[in-house]
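The values are calculated or read from the model by the stated rules, or taken from the named source; none is laboratory data. Note that the coordinates shown come from a computational prediction; the quantities given were computed from them, not determined experimentally. Quick reminder, even Gly has a Cβ in these numbers, built from the backbone with ideal geometry, and neighbours come from all protein chains shown. Please note that ligands, DNA and RNA were not included when accessible areas were found on the heavy atoms of the full protein model with its side chains. Shrake-Rupley method; radii C 1.70, N 1.55, O 1.52, S 1.80 Å.
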Amino acid sequence: MTGAGDSRRDAFDPAVDVGRKRGNRNAKWSKHGARTLPAWVAEHDFRPPPAVTDAMQATIDHGDFGYHNLDEDVGEVFARWAGERYGWCPDPEFVHTCVDVLQGVTAAVTALAEPGAGVILTPPIYHIFLQICPTARRRQLEWTMRRDRERGWTLDPDDLEALVRREPGARVLLWCHPHNPTGWVAGTEVLTRIVELAHAYDFYVVSDEIHADLVYPDSSAPFVPMLSIPGAAERVVTVTSPAKTFAMSGLRCAVTAYGDRGLRRRVREAHPPLLLGHAARTGIDATIAAWAHGAAWTDGLVAHLHGLRDHLADRLAAEAPAVRLHRPDATFLAWLDVSACGLGEAPAARLLERAGVAASEGSEFGTNGDGHVRLNFGTSAAVLDEVVDRLAPCLNGPADG
């Protein structure tokens, strides 16, 4: 029998119990019914490391679910995690918990861009971001991605400068880093230029870094935290969480990090404190355990996902050559161009109907999304192979449409 610190016990386990996923009413696995294979929502299928469930069980065993005072512990463990993995050591005093990344992002965006001000998005972009401006009465602006045959999807800072020159009312760039849905990772040169432009044109950056841990060894650039860039402290708010790495979005705990006291004050004082609430005790337990003890497990996860990414790309190239896929630098999401496959204006809906595979509709991600689907490959090799087995006959060109 292995102990709590045994490396074999804490190693990443690539198995997926499909029956348990469906039986637990997991949203990914239950939304489209028992005959559908889910590849839509951005959540992988693997159990978190035992340290996470042990920490939650310890609280359950104590039978004490009252108020807590653990926020400072989260800041300290996040600072250690970021320092060890990225060489960036935020001040724990400037790290604060929030309920989830979307709450932290929306709070920062609305604090830094007044009603009617411009908020810049980078489409195709995580579709929930497209709800922020209409519901918060901000003006949505677009720094659209470019697709290069060799480099895949990228963003050109010259396009950002042209945009902010045209739009002096732009106040916030909502930055998705690494990028969802394309999996692109921006290099230091791009990040530095963004910070320089933020100073020059008086806007702020709200950086969602929830996929930071999931960057592949062959990425075009390593992950660099936005707040580690010189000059970023006065202009950047970072929001992140272990939720994507450890598949625990339902536990409701994220962090907002700052590098500047004045910027922190501005964001935190913009909303009534009671309106934003607090992270849950069990979410904090899980977060602390994940960041304190999950490094080796995360390395195993990334290695597994790397293999799945390449396996998916190789199978599609061989069996569905009409599909265009640039292998993502990060995430477990594949942004597939299926415009040559004869699937019509709603390809994900057609694939759900014909193949019994639920992917995300590309048009939901805004500009440049038409003719695409986002496919989640964060599962076991067996499930992914069944997904491709079902999809490939539907992806061979207009004759199948």
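From the mean inverse distance of alpha carbon pairs (Kirkwood) and the Cα radius of gyration, derive Rg over Rh for segment 87-191. My calculation of the ratio gives 0.98.
What percent does the relative contact order of segment 244-401 come to when contacts are Cα pairs within less than 8 Å and at least six residues apart? For segment 244-401, the relative contact order is 21 percent. Pairs of C-alpha atoms in the chain farther apart than 40 Å represent 15 percent of all such pairs. The translational diffusion coefficient of segment 5-66, from Stokes-Einstein at 25 °C and 0.890 mPa s with a Kirkwood hydrodynamic radius over alpha carbon pairs, comes to 176 µm²/s. Using Cα springs under 10 Å in a Gaussian network model of the chain, which residue among Leu351, Leu121, Leu214 shows the largest mean-square fluctuation? Residue with maximal mean-square fluctuation among Leu351, Leu121, Leu214: Leu351.
Note on Cys89 and Ala295: with the Förster distance fixed at 22 Å, the Cβ-Cβ geometry gives a FRET efficiency of about 0.90. For trypsin sites (Lys or Arg not before Pro), the sites in segment 130-170 that DSSP calls loop and that have at most 16 other Cβ atoms within 10 Å are Arg137, Arg149, Arg151. Look at the Cα gyration tensor of segment 191-231: its axes a ≥ b ≥ c give a/c of at least 1.5 with a/b over b/c, and that counts as prolate. Note: segment 1-115, Cα convex hull, 213 Å³ per residue.
Treating the Cα atoms of segment 291-401 as identical point scatterers in vacuum, please give the log10 of the normalised Debye intensity I(q)/I(0) at q = 0.16 Å⁻¹, two decimals. With one equal scatterer per Cα and no solvent, log10 I(q)/I(0) is -0.69.
With protein chains left intact and a 1.4 Å probe, residues in segment 196-266 average 32 Å² of accessible area per residue. Each other residue within a Cβ distance under 15 Å of Thr59 adds +1 if Lys or Arg and -1 if Asp or Glu, for a net charge of -3.
Using the Kirkwood radius built from alpha carbon pairs, what does the Stokes-Einstein equation give as D for segment 146-193 at 4 °C and 1.567 mPa s, in µm² per second?
Using the Kirkwood radius from Cα pairs, D works out to 108 µm²/s.
Given an 8 Å cut-off on Cα distances and at least 6 residues of separation, report the relative contact order of segment 129-203 as a percent. Relative contact order for segment 129-203 comes out at 25 percent. Summing charges over all other residues whose Cβ lies under 14 Å from the Cβ of Ala136, with Lys and Arg as +1 and Asp and Glu as -1, gives +3.
Solvent-accessible area assigned to carbon and sulfur over segment 152-311 amounts to 52 percent, based on a 1.4 Å probe. For the chain, relative contact order (Cα pairs under 8 Å, six or more residues apart, normalised by length) works out to 22 percent. A Stokes-Einstein calculation at 25 °C with viscosity 0.890 mPa s, built on the Kirkwood radius of segment 132-248 over Cα pairs, returns a diffusion coefficient of 163 µm²/s. Panel note: the C-alpha atoms of segment 252-354, placed on their principal axes, show extents of 52, 37, 28 Å (largest first). Rounded to the nearest angstrom and listed largest first, the equivalent-ellipsoid semi-axes of segment 350-401 from its Cα gyration tensor are 19, 16, 8.
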